[in-house]
1. Tally up the residues in region 193-223 that are outside any helix (DSSP H, G or I) and either touching a residue at least 40 places away in the same chain (Cβ under 8 Å) or not β-branched (Val, Ile, Thr) (or both), please.
2. Can you tell which of Asp76, Asp67, Asp48 is among the acidic types (Asp, Glu) and closer than 22 Å to Ile140 by Cα?
3. Give Arg209, Arg201 a once-over and let me know the one that is within 10 Å of the ligand (Cβ to nearest atom) and surrounded by fewer than 21 Cβ atoms within 10 Å (Cβ to Cβ).
4. Is it the case that Ile38 is among the aliphatic types (A, V, I, L, M), modelled with pLDDT of 95 or more and crowded, with 24+ Cβ neighbours inside 10 Å?
5. Which residue, of Ile95, Ile79, is surrounded by fewer than 16 Cβ atoms within 10 Å (Cβ to Cβ) and in contact (Cβ under 8 Å) with a residue 12 or more places away in the chain?
6. Go through region 62-88 residue by residue and tally those that are within 10 Å of the ligand (Cβ to nearest atom) and among the hydrophobic types (A, V, I, L, M, F, W, C).
7. Which residue pairs have Cβ atoms under 6 Å apart, sit 6 or more places apart or on different chains, and have a first residue in region 152-180 that is more than 20 Å from Ile236 (Cβ to Cβ) and a second that is surrounded by fewer than 19 Cβ atoms within 10 Å (Cβ to Cβ) and aromatic (Phe, Trp, Tyr)?
Amino acid sequence: MEHPDLDISGKVCLITGGTSGIGRAIAIGYAQAGARVIAGSTNRQKVDNIKRELGPAGEAIQLDVCDPASVQGAIDFAIKNFGRLDALVNAAGVIKRQPTLEMPVEEFERIMRVNLTGSFITSQAAARVMKDQSPDHRGIRGAILHVASASSFAALEGVCAYGCSKAAIVALTKSLANDWAQYGIRVNALAPGFIPTPLNRGLIEGTPRGEWIKKHTPFARFGDPEELVGAAIYLISPAASFTTGETIIVDGGFLSRGI
Ligand code: NAI
């Protein structure tokens, strides 16, 4: 039998980047666990697809995490449809591999804007709603889950801006956890290892880099998006009521391996 504190049924969860890859797997996993899900991204076609996949339990909305007005629209949509917002998952993200000497400043800033500033914009908008909601019996009013990366902790060649944005997500997680505990808002992060998705398939599937990664992963394989869902459920569930400011690594052991 499932532990009652792991029950997320009925929780209202907004998932940015929830139309593809890791965010999509979390959106579907939350919906299967009985949560009420709103999945969002910039891509209209993918928004329509995930709405169909989620069925009556879920909703989908076009949103741009870089645009505070668009994010506010998605929060308002969640409140209008479901009455509250229990969890925000920040899974929107972009990457670009490029020799660092050639990377235009604008490109560096674009990646930081989506991956870091976007997570701040959505978190702030969500927290402004969460702080005024009724708390559970331990005083928790909402949970925010960021998506960090193995790149938060170890450098990979040619993805400087991405690594900087993901290292900063760990700091953002700690800062927001400290600032918002007083409102009953928990803030944590998941740091996945290497999961082939539209984001990185071209970089790691069938490439020397991908082979190197597998060789340095104790499980000697990439992960599946579905292998993140259990940890993502835990981190927004009452079972994690005393967990905040934490980044949980789910990487098949990649970062644990020394030389
Ligand atoms: P993906 O490309 O499948 O999904 C990214 C999603 O973000 C897409 O739905 C895209 O439309 C959306 N998005 C991009 N810019 C946006 C914006 N401005 N506003 C709203 N949505 C936007 O990629 P994946 O792999 O599922 O990535 C999800 C998160 O996981 C990202 O933060 C990524 O950095 C992170 N991650 C991925 C890993 C992997 O191996 N795939 C490993 C570690 C972290």
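The values are calculated or read from the model by the stated rules, or taken from the named source; none is laboratory data. Predicted model only: the values in this text are computed from it and were never measured. Positions of Cβ are generated from backbone atoms using ideal geometry, with glycine treated the same way; all protein chains shown enter the neighbour counts.
1. The number of residues fulfilling the criteria is 18.
2. The unique qualifying residue is Asp76.
3. None of the other options fit; the residue is Arg201.
4. Against the criterion (among the aliphatic types (A, V, I, L, M), modelled with pLDDT of 95 or more and crowded, with 24+ Cβ neighbours inside 10 Å), Ile38 qualifies.
5. Ile79
6. Of the residues in that region, 5 qualify.
7. Ala161/Phe108
Residue-by-condition table, conditions (1) touching a Phe, Trp or Tyr at 6+ places or on another chain (Cβ under 9 Å); (2) in contact (Cβ under 8 Å) with a residue 60 or more places away in the chain:
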| site | (1), (2) |
| --- | --- |
| Ala143 | no, yes |
| Ser149 | yes, no |
| Ala191 | yes, yes |
| Pro225 | no, yes |
| Thr243 | yes, no |
| Ile248 | yes, yes |
| Ile259 | no, no |
